[in-house]
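Only the coordinates and a few stated rules stand behind these numbers; no lab work does. Everything numeric in this text was worked out from a predicted model, so none of it was measured. Counting neighbours? That spans all protein chains shown, and the Cβs are built from the backbone with ideal geometry, glycine included.
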Amino acid sequence: MPGLTTVEQAKTLRDDVWVVLEGHLVRQLGHELYEFRDSSGTVNVDIDDKRWVGQTVTPNDKIRIEGEVDKDWNSVEIDVKSVHLVK
């Protein structure tokens, strides 16, 4: 399994690089868009409804997300492929 990446590191990676992040969803920004935070900073993450597989996550829950860096010319998002609660 690949090692964990920080938000700060993820923002420097190239488009479509696979990342694993651990932290918290701070708030919902849109239908499938959320603000994710770890100790290094925040990044927007795109989580399709189907990725939740019935899980409910609050800002207090630590989660692990896996997905791809999605870079535009002026922004970075993570396109999330899986969400797991960290016990």
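Remarks
- In this structure, the amide hydrogen of Asp70, modeled 1.01 Å from its nitrogen in the peptide plane, lies closer than 5 angstrom to those of Asp16, Glu77, Ile78, Asp79, counting only residues at least 5 positions away or on a different chain.
- Integer Hz, Karplus 6.51/-1.76/1.60 couplings in order for the range 12-20, x for Gly and Pro: 9, 7, 7, 3, 6, 6, 7, 10, 10
- Couplings 3J(HN,Hα) of the range 41-51, computed from phi: x, 10, 8, 7, 10, 10, 10, 4, 3, 5, 6 Hz, in residue order, whole Hz [Karplus 6.51 cos²θ - 1.76 cosθ + 1.60, θ = phi - 60°; x for Gly and Pro].
- Distance between the pseudo-spin-label points of Leu33 and Leu85 (7 Å out from Cα toward the beta carbon): 2.8 nm.
- Test item: Cα-centred dipole of the range 7-85, Lys/Arg +1 and Asp/Glu -1 on Cβ, debye: 260
- Prolate/oblate/rounded call for the range 36-87, Cα gyration tensor, a/c under 1.5 rounded: oblate
- Set of the range 66-86 residues, backbone N closer than 16 Å to the point 7 Å along the Cα-Cβ line of Leu13: 66-72, 76-84
- Residue-wise HN-Hα couplings along the range 68-80, as the Karplus relation 6.51 cos²θ - 1.76 cosθ + 1.60 with θ = phi - 60° gives them from phi, are 10, 5, 10, 9, 10, 4, 10, 8, 10, 10, 10, 8, 7 Hz; Gly and Pro carry x.
- Calculated semi-axes √(5λ) of the Cα gyration tensor in Å (choose from (1) 19, 18, 9; (2) 27, 13, 9; (3) 18, 14, 12), label: (3)
- For Lys62, distant residues with modelled amide H under 5 Å away: Val86
- Sequence-distant contacts, meaning Cα pairs under 8 Å at least 6 residues apart, place the relative contact order of the range 30-83 at 34 percent.
- Here the residues Lys81, Lys11, Lys50, ranked from fewest to most Cβ neighbours within 10 Å of their Cβ, fall in the order Lys50, Lys81, Lys11.
- Order of Leu21, Leu33 under a 10 Å beta carbon neighbour criterion, fewest first: Leu33, Leu21
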